[in-house]
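Contents: one structure, followed by commentary.
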Amino acid sequence: MFKYLKNMVLSLFGPENIKKMLPEVEQTACRRLQRWSIQETVELKEATAAMIFDLTAKKLISYDQDNACQNLRENFVAFIKGLLSFPLDIPGTAYHKCLQGRKNAMKMLKNLLNERRAMPGKSRSDFFDFVLEELQKEGTILTEEIALDLMFLLLFASFETTSMALTLAVKFLSDNPLVLKKLREEHETILRNRENTDSGLTWKEYKSMAYTFQFINETVRLANIAPVIFRKALREIHFKGYTIPAGWAIMVCPSAVHLNPAKYKDPLTFNPSRWEGVEINGATKNFMAFGGGMRFCVGADFAKVQMAVFLHCLVTKYRWEPIKGGNILRTPGLQLPDGFHIRLMEKTRME
C-alpha cells in the first residue's frame, strides 16, 4: 500500500512536475514578500505557513482561499495545536479542538471531492482528478477514505514542517551575518549571469545553488523539526546489548544523531559549509531530517524547492530586521511560543 500511495504522490510532486511548478513557486514567494514589506511587521511562521498551505492546496485540490466560503487552513491549525495535548475530549480543550479541526477538515475535503465528482468534464489536472481516475479503475485498492486521509496528511505535512524550516532559516541568517553574506553572493551571481535580468528562475539556476542546499541541510539538521520517526522491527534486532523483538514499535530520535559530536564536529554550531562536497540524495544513518529508509519523505524535493526559491527572492530583493520572538521551545515538537516577528524592507539599488 505504501509503495502504491507513494507513486500516487510522485505523480504530482515528482521531479518533472516540480520543474513545471518552479515559476509558480517563485511568483508566489515574490508576491507574498512584497505584501509583507508594506506591513509594519510580519510574524514569519504564520505568514509562511499561509503561503505554503495556499500553494499546496491549490496544486492538490485547486483550493483557492480567497474564493472559498470556509477556511480550510483554520481547521489544520486547530489540529496541529492540539496534536500532542492531553487527551481530554471536553469542549474548550486543545484536544477537543484538535479532533474537531480534523473532523471539519475531512468534511470539507469530502465535499470538495464530491463537487469534483459531480463535474466529470471539468478537468483541473490536480490530485483530485488523479484520485477520481484511480477510484474508477476496476480492481483498484484505493478507497475514498484512504484518498481523503492521504490528502489531509499531505496538506498537514507540507505547510507545517516547511514553514517552520523557513522561519528558522531566516532566524539562522539573522544570527549569522557571514552565512547571509555568502548566501546572498550566490544568488546575486545567478542574477548577474542572466542574459535577461527580468526572467524568472530556471531549473538550471536552481540546481546550481550549491551553498543554498548546504544551508538548507544545516537548517533542518540543527532544527530537528520532526522530533521522532516511528518504525516497526520486521525481525529481532540486537543493538548495543539490547534485544528488540520482531513486531515491536521503534521510536527513532533524529536529534540524537544530528547533535552527536561523534557524527558532527561542534554539532550545536550553525555551519552550512560542513556539507560542502557531501552528496545527499536521500536519508542516511547520519542525516534523517526527511525521514529514513523506505519511508523517506516523498515531498522532500518539493520542500527544498520552496525553501530555495523563497530564499532567492528574499536575499536578492529584501533586507530585514528581527523585532521580537524567535525563542525556540520543544514540547516535544518544535515551537516558537512568541513567534518570530520581523520588519521586511525592499533593498535599494545601491544595496
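The values are calculated or read from the model by the stated rules, or taken from the named source; none is laboratory data. Please read all numbers here as calculations on a predicted model, not as lab measurements. Please note: Cβ atoms are built from the backbone with ideal geometry, for glycine as well, and neighbour counts cover all protein chains shown.
A compact table of results
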item	result
Residues (surrounded by fewer than 17 Cβ atoms within 10 Å (Cβ to Cβ) and in contact with a Lys or Arg (Cβ under 8 Å, 6 or more places away or on another chain)) located in segment 319-340	R319, E321, P322, I323, D338
Matching residues in segment 252-271 - criterion: being assigned to a loop (DSSP other than H, G, I, E, B), surrounded by fewer than 15 Cβ atoms within 10 Å (Cβ to Cβ) and of a type in the set (A, V, I, L, M, F, W, C)	A262, L268
Test: residue in segment 278-296 that is part of a helix (DSSP H, G or I) and either among the charged types (D, E, K, R) or surrounded by 16 or more Cβ atoms within 10 Å (Cβ to Cβ) (or both)	yes
Count of residues meeting criterion [within 15 Å of M21 (Cα to Cα) and surrounded by 18 or more Cβ atoms within 10 Å (Cβ to Cβ)] in segment 182-204	1
Residue ranges of helices (runs of 4 or more DSSP H) in segment 1-71 with at least 3 members closer than 28 Å to E321 by Cα and not small (G, A, S)	15-37, 44-61
Only listed residue being under 28 Å from R330 (Cα atoms), among the aliphatic types (A, V, I, L, M) and buried (at least 18 other Cβ atoms within 10 Å of the Cβ), chosen from A50, A105	A105
Yes/no for V220 being modelled with pLDDT under 95, hydrophobic (A, V, I, L, M, F, W, C) and either more than 30 Å from W320 (Cβ to Cβ) or assigned to a helix (DSSP H, G or I) (or both)	yes
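Residue-by-condition table, conditions (1) closer than 28 Å to K6 by Cα; (2) more than 23 Å from the chain's Cα centre (by Cα); (3) in contact (Cβ under 8 Å) with a residue 24 or more places away in the chain:
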position: R35; (1), (2), (3): no, no, no
position: Q39; (1), (2), (3): no, yes, yes
position: T56; (1), (2), (3): yes, no, yes
position: D64; (1), (2), (3): yes, no, no
position: L72; (1), (2), (3): yes, no, yes
position: F76; (1), (2), (3): yes, no, yes
position: N114; (1), (2), (3): yes, yes, no
